[in-house]
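My questions all concern the structure below.
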Amino acid sequence: MDLLLSFIGTLGLILAVGSSTYAITFFQQSILDGKIDRTEKRFLHTVYFILRLGMLLLVLSVIWRMVLLGFTDTPIFSDQTLWFQFTLLLAVNINAILMDRHLIPMWLGPAIAGGSWYGYFFSVILAPSTFPYSFLLLSWTCLIIIFILFLRILGEFSRKK
């Protein structure tokens, strides 16, 4: 059972972080001319499908881990990393809805997405650690700021070419 849970979570993470990285980078390149053409849109839809599949697998693995934690004597809120990962998945979904409805600036939405997916990635790598939830949230905020700066630099670099 633990092996299956680990497999689902790892596969979801690989698909989500990989496709998110590609989607953000490809989106930045696609908007350089001011519009996304049919071919670019088709590629992005394919990447978003893979991203959603990864997200679904991660949601299943987080809920599964929460249920398993509920069957132990450990208080459910004791796993700070698990709740941080739940928060990130919630943030990614809310961000996706806001981006889809154009309710968030396009310089911020991809940075939140990238910062969230890489925050999730780092939380998996550091899972055995006992960082408090507040530290994890602060680290996530720093990642979003790093992504804002990175995407601005990428945009400037691409425009100069």
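Nothing in this text is a laboratory measurement; each read-out follows from the coordinates by a stated rule. In this text, all values refer to a predicted model and were calculated from it rather than measured experimentally. Cβ: placed from backbone, ideal geometry, glycine included. Neighbour counts: every protein chain shown.
As I understand it, the dipole of the chain uses +1 on the Cβ of Lys and Arg and -1 on the Cβ of Asp and Glu, about the Cα centre. Which of Phe71, Pro132, Leu57 lies farthest toward its positive end?
Among Phe71, Pro132, Leu57, the one farthest towards the positive end of the dipole of the chain is Leu57.
So if each residue of separation counts as 0.36 nm, and I subtract the Cα-Cα distance between Trp83 and Arg159, what length gain in nm does that give?
Numbers: separation 76, 0.36 × 76 = 27.36 nm, distance 3.96 nm.
Taking Trp83 through Arg159 to full extension adds about 23.4 nm, to one decimal.
Same structure, new question: Taking Cα centroids, how far is the stretch 116-131 from the stretch 15-37 in Å?
That distance is 24 Å.
Tell me the label-point distance for the pair Ile97, Phe43, using the 7 Å Cα-to-Cβ offset, in nm and rounded to one decimal.
It works out to 3.1 nm between the two label points.
Pop the C-beta distance of Thr74 and Cys142 into the FRET formula with R0 = 35 Å and round what comes out to the nearest 0.05. Spell out each step's value before the answer.
Values: r = 29 Å, r/R0 = 0.83.
Given R0 = 35 Å and the Cβ-Cβ separation, E is 0.75.
In nanometres, what is the gap between the two model label sites at Phe135 and Phe26, each 7 Å from Cα along Cα-to-Cβ?
A separation of 3.7 nm, rounded to one decimal place.
Modelled label-to-label distance, Ile36 and Met66, 7 Å Cα→beta-carbon offset: nm?
Reported label-point gap for Ile36 and Met66 is 2.9 nm.
Please work out which option in (1) -0.32, -0.73, -1.02; (2) -0.41, -0.78, -1.05; (3) -0.53, -0.71, -0.93 gives log10 I(q)/I(0) by the Debye sum over Cα atoms at q = 0.09, 0.14, 0.17 Å⁻¹ calculated from these coordinates, and answer with its label.
Of the listed options (1) -0.32, -0.73, -1.02; (2) -0.41, -0.78, -1.05; (3) -0.53, -0.71, -0.93, (1) comes from this structure.
Quick check: residue separation of Leu108 and Leu11 times 0.36 nm, minus the Cα distance between them. What number comes out in nm?
Here the answer is 32.2 nm.
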